[in-house]
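S.K.: Handing you a structure now.
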Amino acid sequence: MHILLLGTLDTKHAEILYLHHQLKHIASRLSQPLQITLIDCGCSNTIDEAITVTHSDLIKKYAPSSAEIRKLPRGEAVELLIGYVTRCVQDLLKIGPIHGIIGAGGSGGTSIISAVMRSTPIGLPKLIASTVASGNTSPIVGECDITLMYSVVDIAGTNGLLRDVLDNAAGAMFGMASAYQCRVAASAERQESQIQKTRVGITMFGVTTPCVDRIRSHLEENYPVEVYIFHATGHGGKAMERLVEEGRLDAILDVTTTEICDLVAGGTMSCEPDRLDTMLKKGIPTIISAGATDMVNFGPKETVPPQYQDRKLVVHNPTVTLMRTSPDECRKVGEFIVDKVKRFAQDQKRVEVWLPRGGVSVLATPGSPFEDSEADSVLADAVKSGLKDTETHVVCDDRDINNSGFAVDIANRLMDMVKASNILINLSSSQSREYQQPTAYRRMAEIPEFRNLSLERHGNVFVLTMQKPPENKLSQSFCQEMIQAFRTVESILGSKSEGALITRSGDDKFWCTLIHTILDFSFPTIALLNGHTFGAACLLALAHDFRVMNTRRGFMCLPVVNMGLHFDGIGTLPRLKLRAPIARKLVLEAHRWTGPEAMEDGIVDALAQPEEMLQVALEMGAKWAPKAKMGVYALYRQELWGEATKAFQTISYVHGRPISTLVRAKV
């Protein structure tokens, strides 16, 4: 069993080590093997043999060379540390199984630890013993499944009471991690025999419960589904969309969109402005309805803002007061939905909006406190007119939302959309991080959208098309997109499968230097040289395993010697990949090769007409993709060109180094 332990060792040294000791003690008492990875999240370095990842390790691996955490304002330092520790934990999750994450801290430590935990998969046990675990914990937990344990006393010293709390925390984490480990093992064993089920997410509120209960029972009785119901309290919608982002939901019935009302009017159960974005971007079958859009949520009646005191109010319980939405607010809700569908729907035909004209909640039916046909009509009209010229179908139904027939019809329609999309997912995937989803769904749901590039799939061969970034600059965000695209391919294909990646440019003048990432990639790579390949683009091409060059136009050249530019390792890759005379011509003579010349000198592997280049590369990719199946392709690449990988590891950008006038002189 493997548990991650997080803490700020510069301020909570003894307390974190006590927690470490207790975890070890429990494992010893139960004779169960336990690996603890202790990550120091502090702002300064602490030396202790129990620390697995020190502050210095984090800075060395994840921080820019100029980063000095201690000199920064506390807020900036915390934000940087969150980023470093998050990346560290993500790397650990890729390397091997993690069965739980535990931490302890005050407000500062809790902010770091909780942010890191929120980046990990839902279902993985997470626990924080914290001084701020009592009160408003919304910023700590968010949409995640973090368990909080109030420390009662400050985490300062190891008094008897704090030891009791930390003992309980260690025991709770050990138990949760053990259960998680068993669950993952069991799900892996069941994987082959598990019935294929579609995972459906549904939003619900108390006033739409009859509708959702009927939908759930109908789906479970008539279809192979697993239903996930989310309470639309602000975090419910966010949690649902997070699971969509993680590929753990296959279809959505967003019956209850009341969180948008709170966003519009300033209620206490507001969603974020990005509500609906994720599920629309993913392109999974989605039906949006107007459940509970007749209300805005506030606390006790005396807490309702003064400007709303004269509005129609209903005291739902002593802690919740509901306010009827006005026609103007309903119009804004409708416009919000329309705007999101138009801007973010990957496939508008996979989105429908259903409007129950007989009432959007149990409080909005005829004769009920929130009956307001004008307000409901304004929302419906905004949706109908806004989506009139789109491919999204709008259904206006005379029944109220909790009508049994309405519930059955909307459920059946969603499953028709699912059938058309051919989505069937094994439910055990939600319990096992290693489970690989069926290809049809992975292609649709796991390839994210990028600003400056696109990623397409042709069987097990992926095509990455790079567009020129703004001002032709290699910005940090662009580099991150490139790396994310490579990691996406690895994630979709898995560690031992056939696969290949083709990179090409959507612009003849594009350049990029993500050489280390390509050299370290797990699958064969093919570069399409469809235009001039100068400078950094030349090195980028050489980093690939195979190269296909345009026969009609374009030169290949590395003119750095003429420009007086140098950075460490620039000659390493040509020396390792090319014959000595050719490497000399490339680096020291800045020779320009045409396509046929590059083919003759062994720099490229194939020539093709522009319109045939992609097909040539796809055939090449299909030929070499099986070589990655045994999982050793990258290892042998490292043996061939690992020296270049190490040389480029230290490079974050191309830079000009001051050198002598003689060397800078043009030949």
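S.K.: If you take the beta carbon distance between residue 575 and residue 196 as r and set R0 to 60 Å, what does 1/(1 + (r/R0)^6) give as a FRET efficiency, to the nearest 0.05?
M.R.: Efficiency, from the Cβ-Cβ distance: 0.70.
S.K.: Near residue 400, within a Cβ-to-Cβ distance under 12 Å, what is the net charge of the other residues, with Lys and Arg +1 and Asp and Glu -1?
M.R.: Summing Lys/Arg as +1 and Asp/Glu as -1 gives -3.
S.K.: Please find the FRET efficiency linking residue 30 to residue 307, where r is the Cβ-Cβ separation and R0 is fixed at 51 Å, and quote it to the nearest 0.05.
M.R.: 0.30
S.K.: Let me ask something else. Using 0.36 nm times the number of residues separating residue 629 and residue 398, minus their current alpha carbon distance, what extension gain do you get?
M.R.: 77.6 nm
S.K.: Further question: Out of all DSSP beta bridges with both ends in the chain, state the antiparallel percent to the nearest 5.
M.R.: Around 20 percent of the beta bridges assigned by DSSP in the chain are antiparallel ones.
S.K.: Output the relative contact order of region 2-189, whole-number percent, from Cα pairs under 8 angstrom with separation of 6+ residues.
M.R.: The value is 23 percent.
S.K.: So for each of 454-466, 311-323, 8-20 I average, over its residues, the number of other beta carbons within 10 Å; can you give me the resulting order with the highest mean first?
M.R.: Peptide ranking by packing, descending: 8-20, 454-466, 311-323.
S.K.: For 182, 261, 88, which order do you get if you count the other beta carbons within 10 Å of each Cβ and list the fewest first?
M.R.: With the sparsest Cβ surroundings first, the list reads 182, 88, 261.
S.K.: Moving on. What distance in nm separates the two pseudo spin-label positions at residue 90 and residue 317, each 7 Å out from Cα along the beta-carbon direction?
M.R.: 3.8
S.K.: Just the number, please: percent antiparallel of the DSSP beta bridges in region 196-425, rounded to the nearest 5.
M.R.: 30
S.K.: I would also like to ask the following. Angle between the Cα long axis of helix 633-649 and the longest principal axis of the chain, 0 to 90 degrees, nearest 10?
M.R.: 80
S.K.: Relative to the present Cα-Cα distance, how much length would full extension add between residue 412 and residue 74 at 0.36 nm per residue of separation?
M.R.: Using 0.36 nm per residue and subtracting the Cα-Cα distance, I get 116.3 nm.
S.K.: Quick query: amide H of residue 397 versus all other amide H atoms, modeled in the peptide plane; which residues come in under 5 Å with a sequence gap of 5 or more or a different chain?
M.R.: So residue 397 has HN proximity to 355, 357.
S.K.: On to the next question. Quick one: which of 342/419; 94/627; 577/629; 197/388; 282/629 span more than 32 angstrom between C-alpha atoms?
M.R.: With Cα atoms farther than 32 Å apart: 197/388.
S.K.: Tell me the label-point distance for the pair residue 164, residue 138, using the 7 Å Cα-to-Cβ offset, in nm and rounded to one decimal.
M.R.: 3.3
S.K.: Mind listing the long-range amide H neighbours of residue 126? Cut-off is under 5 Å, sequence gap 5 or more, other chains count too, H placed in the peptide plane at 1.01 Å from N.
M.R.: Sorted by chain and number, the residues that satisfy this are 101, 147.
S.K.: How many nm is it between the label spots at residue 589 and residue 156, if each spot is 7 Å from the Cα in line with the beta carbon?
M.R.: Placing both labels 7 Å beyond Cα along the Cβ direction yields 7.3 nm.
S.K.: Per DSSP H run of n ≥ 4, the term is -39500 (n - 2.57); total these for the chain, divide by its residue number, and report the mean residue ellipticity at 222 nm rounded to 500 deg cm²/dmol.
M.R.: Helix-only estimate at 222 nm: -13000 deg cm²/dmol.
S.K.: To continue, here is another question. For the chain, with the dipole built from +1 on Lys and Arg beta-carbon atoms and -1 on Asp and Glu ones, taken about the Cα centre, which of 624, 252, 237 lies farthest toward the positive end?
M.R.: Sorting the options by dipole projection puts first 624.
S.K.: Placing unit charges on C-beta atoms (Lys and Arg positive, Asp and Glu negative, everything else neutral), compute the dipole magnitude of region 2-189 about its Cα centre in debye, rounded to 20.
M.R.: 180
S.K.: Under a point-charge model restricted to the Cβ atoms of Lys and Arg (+1) and Asp and Glu (-1), what is the dipole moment magnitude of region 532-608 relative to its Cα centre, in debye to the nearest 20?
M.R.: In debye, rounded to 20, region 532-608 gives about 100.
Read the figures in this text as sums done on the coordinates, not as results from a lab. All values derive from a computational prediction rather than experimental measurement. Note that we place each Cβ from the backbone using ideal geometry, even for glycine, and neighbour counts take in every protein chain shown.
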